[in-house]
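**Q** Here's a structure for you.
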Amino acid sequence: MARKGLFLVYTGDGKGKTTASLGVTLRAVGRGLNVRYMQFIKSPERTYGEQIALSKLGVEMEQMGIGFTWTKTPEEHRVALAKAWQKTKEALQDDSIDLLVLDELNNALAITKFPIDDVLPLAEVLEAIEKRPPTMHLVVTGRSANPALVAMADLVSTIDATKHYYEEGIPAVKGLEF
C-alpha cells in the first residue's frame, strides 16, 4: 500500500506550535525522510535555536520573512510574502520532499493590517496544498488557522494559552523561545 501524505495543522494562541512541528521534523529525520522547513514570518537576520539544531541534522530551515508586521513597512512585508509564496509553490510541487513544514503560514494568511490576497492568495494556497504530491506530508503552523485549511487537514491540534510566564513579566528566554 502506497503511503498517503498527511496534512497536519498546529494552531491556537498557546506556545508550542513551532515546537510541535519540530517534533514531527525530528521523527521524520530519524526515519530517513527528506524534510524541508520553511518559515513565513521569521527573518534570516536573526538566529534561532531550532535553526541551529536542524542544521546539525542536515535540515535547512529557510526563513523567508522579515519579522513581525510592525517592524517593517507593509510593502516590505508584501514583497517578502510574495517571494515566500513563490518558493513555497515550488516546494509543494517537489516530489522529492517527504515532509514539508510551512511554519507561520497561518499567521501570514491571517494578516489584516495590509492587503495580502494578491501576494499570498488563499485560493492558490488551498489549490497548491490539494495538488501537492500524494505522498508528501505537510505541516502548517501558526495562530488563527484559516477555516478552509482546518477543513482540509487530516489533523488539527489547537494549542491553548492556559498560563504563560510572559504574564509575569518574564521576556523571551534563550533556548525556550528562540
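The values are calculated or read from the model by the stated rules, or taken from the named source; none is laboratory data. Everything quoted here is computed from the prediction, not taken from an experiment. Virtual Cβ from ideal backbone geometry, glycine too; neighbours counted across all protein chains shown. These accessible areas exclude ligands, DNA and RNA; they are computed on the full protein's heavy atoms, side chains included. Shrake-Rupley method; radii C 1.70, N 1.55, O 1.52, S 1.80 Å.
**Q** Could you tell me the extents of the chain's C-alpha atoms along the three principal axes, largest first, rounded to whole Å?
**A** 52, 37, 30
**Q** Quick check: pseudo-label points 7 Å beyond the Cα along Cα→Cβ at Thr162 and Asp13, how many nm apart are they?
**A** Each label point is offset 7 Å from its Cα along the Cβ direction, giving 1.6 nm.
**Q** Along the range 7-16, what does the Karplus equation 6.51 cos²θ - 1.76 cosθ + 1.60 (θ = phi - 60°) give for ³J(HN,Hα), rounded to whole Hz, x for Gly and Pro?
**A** 10, 10, 10, 10, 9, x, 8, x, 6, x
**Q** Separate question: With contacts defined as alpha carbon pairs under 8 Å and 6 or more residues apart, what's the relative contact order of the range 83-171 in percent?
**A** Worked out over the range 83-171, it gives 38 percent.
**Q** Related question: Kindly flag which residue pairs out of Lys4/Lys89; Lys17/Lys42; Lys15/Lys131; Lys42/Lys89 have an alpha-carbon separation exceeding 25 Å in this structure.
**A** Exceeds cut-off: Lys15/Lys131.
**Q** Not counting ligands, DNA or RNA, and with a 1.4 Å probe, what is Phe68's accessible surface area in Å² rounded to the nearest 10?
**A** Counting only protein heavy atoms, Phe68 exposes about 120 Å² to solvent.
**Q** Give me, ordered by chain and number, the residues 5 or more places off Phe7 or on other chains with an amide H under 5 Å from its own placed amide H.
**A** Leu138, Asp154, Leu155
**Q** On alpha-carbon atoms, Rg over Rh for the range 78-178 using Kirkwood Rh?
**A** When Rh is taken as the Kirkwood radius, the ratio is 1.02.
**Q** Kindly point out which whole DSSP H helices in the chain project their C-alpha atoms 15 angstrom or further along the helix axis while averaging a Kyte-Doolittle hydropathy of 0.5 or above.
**A** Going by DSSP H runs, the hits are 17-30.
**Q** How about the range 22-123: which trypsin sites (Lys or Arg not before Pro) there are in a DSSP loop, with at most 11 other Cβ atoms within 10 Å of their Cβ?
**A** In loop regions of the range 22-123 (DSSP not H, G, I, E or B), the sparsely surrounded trypsin sites (Lys or Arg not before Pro) are Arg31, Arg46, Lys113.
**Q** Length gain on complete extension for the stretch Ser55 to Arg31, per 0.36 nm per residue less the alpha carbon to alpha carbon distance?
**A** Residue separation times 0.36 nm, minus the Cα-Cα distance, leaves 7.0 nm.
**Q** Using alpha-carbon pairs under 8 Å, 6+ residues apart, how would you state the relative contact order of the chain in percent?
**A** 38 percent
**Q** With unit charges on the beta carbons (Lys and Arg positive, Asp and Glu negative) and the dipole taken about the Cα centre of the chain, which residue among Asn106, Thr158, Val59 sits farthest to the positive side?
**A** Going by the charge dipole, the pick is Val59.
**Q** Over 10 Å intervals from 0, what percent of Cα-Cα pairs in the range 57-136 sits in each interval?
**A** 16, 50, 27, 7
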